[in-house]
Amino acid sequence: MAKEMNSIAGKLPEMDIYAQRLAVSNPLIEPIVRSAIQALQLPLGSRGLDAGCGIGLQALLLAEAVGPTGHVTGLDLSPQLLAYAREIAEKAGLSERISFQQGDVNRLPFDADTFDWVWSSNCAGYHPAEPLPMLRELTRVVKPGGSVAILAWSSQQLLPGYPLLEARLNATTAGIAPFVKGKRPELHFLRALGWFREMGLEEPTAQTFAGDVRAPLSDDMRSALVALLEMRWPGVQSEVTPEDWAEFQRLCQPESPDFILDLPDYYAFFTYSMFRGKVAK
Ligand SMILES: C[S@@+](CC[C@H](N)C(=O)[O-])C[C@H]1O[C@@H](n2cnc3c(N)ncnc32)[C@H](O)[C@@H]1O
């Protein structure tokens with residue numbers, strides 16, 4: 001699938017930068033998402049919703065998990081991202097099992113009890129939306145006994161040997177995103193068990209999945225990491241010292257002679273955390 005995605009990104013030169021980065025970084029993220037989906041044990045033949053599906057890469061994996069008799073609906077606010085999602089699902093031969101619909105996760109265009117499960121990745125807890133209205137909506141559209149699962153990026157070590165620089169980059173607006181300085185601590189993604197309790201979701205669970213990568217990097221993996229470095233700390237220049245900015249440029253610019261991905265012993269890891277609960281019967 002990783003190769004497929006990069007070739008898809010290459011074939012869509014008009015793809016906007018955001019969509020392109022989602023596609024190119026996928027080889028890094030896909031194994032983690034696969035593990036998380038596997039942990040959910042989605043029933044074969046079940047019907048689910050991918051809320052905030054982006055270009056639909058995870059909808060493909062969800063559709064694989066529920067098999068040919070199952071169905072996934074991908075929903076996103078952005079018609080542009082959905083257009084890419086439809087094209088990618090078609091190229092993957094899964095368009096029969098996945099449909100895409102434009103809509104707002106805070107006001108889902110579905111009746112109550114429509115789905116067997118709902119999945120949402122890197123969406124709940126993202127500024128400016130408050131997580132609870134979204135979670136209430138996700139809960140509303142799932143049948144009693146069905147599951148609600150949310151997943152998000154939760155940590156990383158991408159700059160081996162530079163823990164202080166990485167810590168200072170992480171202490172910026174981009175570094176703590178989607179959390180926002182001044183926001184109530186209960187709204188941080190890692191407090192989602194409290195959100196689930198508030199929604200009355202039963203048997204709430206939390207699980208963290210790690211992904212890692214080491215040199216030598218394949219071309220796909222290198223491209224994925226370049227995209228990840230670009231996405232991880234955007235706009236930090238005004239929040240770090242000139243020395244840290246220069247060091248960041250030296251290590252994280254692909255054209256730099258000291259580009260960190262060129263280290264012969266490069267090693268990095270990152271985590272995603274998933275929270276899941278069941279809708280009361
Ligand atoms: C960070 S991306 C994550 C995409 C995908 N779920 C993933 O993990 O790769 C967040 C997605 O949520 C969508 N989104 C943001 N706010 C939304 C809303 N209120 N309703 C529906 N989609 C929304 C964005 O358009 C974007 O595609």
Checklist entry - Which number in (1) at pLDDT below 95; (2) assigned to a helix (DSSP H, G or I) marks the one condition that Lys281 misses? => result (2)
Checklist outcome for this item: Within segment 156-184, residues open to solvent by 10 Å² or more (accessible area, probe 1.4 Å), more than 16 Å from the ligand (Cβ to nearest atom) and outside any helix (DSSP H, G or I) come out as Gln157, Pro160, Gly161, Tyr162, Ala171, Lys181, Gly182, Lys183, Arg184
Next on the checklist: Being touching a strand residue (DSSP E or B) at 6+ places or on another chain (Cβ under 8 Å) and of a type in the set (D, E, K, R) is the filter here; which residues of segment 12-66 pass it?
Outcome noted: Arg47, Asp50
Item to check | Residues of segment 41-57 satisfying the condition of being within 25 Å of Pro144 (Cβ to Cβ) and either within 16 Å of the chain's Cα centre (by Cα) or among the polar types (S, T, N, Q) (or both) | outcome: Gln41, Ser46, Leu49, Asp50, Ala51, Gly52, Cys53
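Quick one: is Leu228 in contact with a Ser or Thr (Cβ under 6 Å, 6 or more places away or on another chain) and surrounded by 14 or more Cβ atoms within 10 Å (Cβ to Cβ)?
yes
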Checklist entry - Taking segment 119-140 as the search range and keeping residues that are aliphatic (A, V, I, L, M) and surrounded by fewer than 23 Cβ atoms within 10 Å (Cβ to Cβ), which one is farthest from the ligand (Cβ to nearest atom)? => result Leu132
Checklist outcome for this item: Given (1) in contact with a helix residue (DSSP H, G or I) (Cβ under 8 Å, 6 or more places away or on another chain); (2) in contact (Cβ under 8 Å) with a residue 60 or more places away in the chain; (3) among the aliphatic types (A, V, I, L, M), Leu263 misses just (1)
Checklist entry - When only residues in segment 23-64 that are of a type in the set (Val, Ile, Thr) and within 10 Å of the ligand (Cβ to nearest atom) count, which is surrounded by the most Cβ atoms within 10 Å (Cβ to Cβ)? => result Ile55
Checklist entry - Hey, among the residues in segment 76-118 that are without any contact (Cβ under 8 Å) to a residue 60 or more places away in the chain, in a helix (DSSP H, G or I) and buried (at least 22 other Cβ atoms within 10 Å of the Cβ), which one's farthest from the ligand (Cβ to nearest atom)? => result Ala89
Checklist entry - For Gly67, which of the numbered conditions (1) away from the ligand (no atom under 12 Å from the Cβ); (2) buried (at least 24 other Cβ atoms within 10 Å of the Cβ) fails to hold? => result (2)
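The values are calculated or read from the model by the stated rules, or taken from the named source; none is laboratory data. Predicted model, so just to flag it, every value in this text is computed and none were measured. Here Cβ is always computed from backbone atoms with ideal geometry, including for glycine, and neighbour counts include all displayed protein chains. With ligands, DNA and RNA removed, areas are computed over all heavy atoms of the protein, side chains included. Shrake-Rupley method; radii C 1.70, N 1.55, O 1.52, S 1.80 Å.
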